[in-house]
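One structure is given below, encoded as structure tokens.
The numbers here are math on the coordinates, done by the rules we state, and not lab data. As the structure is a prediction and not an experimental result, all values here were calculated from the model. Using ideal geometry, Cβ is built from the backbone for each residue, glycine included, and neighbour counts are taken over all protein chains shown.
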Amino acid sequence: MCSQRRAITDRATAIAGGFRLSRRRWLQGCAGGVLLGMIGSVAAHAEGKLPKAAVSYQDHPNGSKRCSTCSHYIPAAKAGEAGRCEIVAGPVGPLGYCIVWADANPKGCT
């Protein structure tokens, strides 16, 4: 290794507090993160449901729009637990909201 490159490497190691990360370890870490993201996405698609990020799910209501008033919401068996959604993967809270919200009691229907 030339002296200029060694000086740059030594400077980078000093800046990182003595921690030296090789290119191989960095790439392995990136690949692991991508793989974990893909596994979560594949699991959601295996259920035939959309990931929360895809529908901009939030754990608080949007005005009067909330999961508990949505036609897609399936309440939990026990009070105080998160319910489920016909469209969104994973547990959803009764006070949550996402962009696929549909009024469970549209005006004019009884």
When the range 74-89 is examined, which residues are found to be touching a residue at least 24 places away in the same chain (Cβ under 8 Å) and in a strand (DSSP E or B)?
Cys85, Val88
Selected residue (criterion: surrounded by the most Cβ atoms within 10 Å (Cβ to Cβ)) from residues of the range 56-107 that are touching a Pro at 6+ places or on another chain (Cβ under 7 Å) and among the hydroxyl-bearing types (Ser, Thr, Tyr):
Tyr97
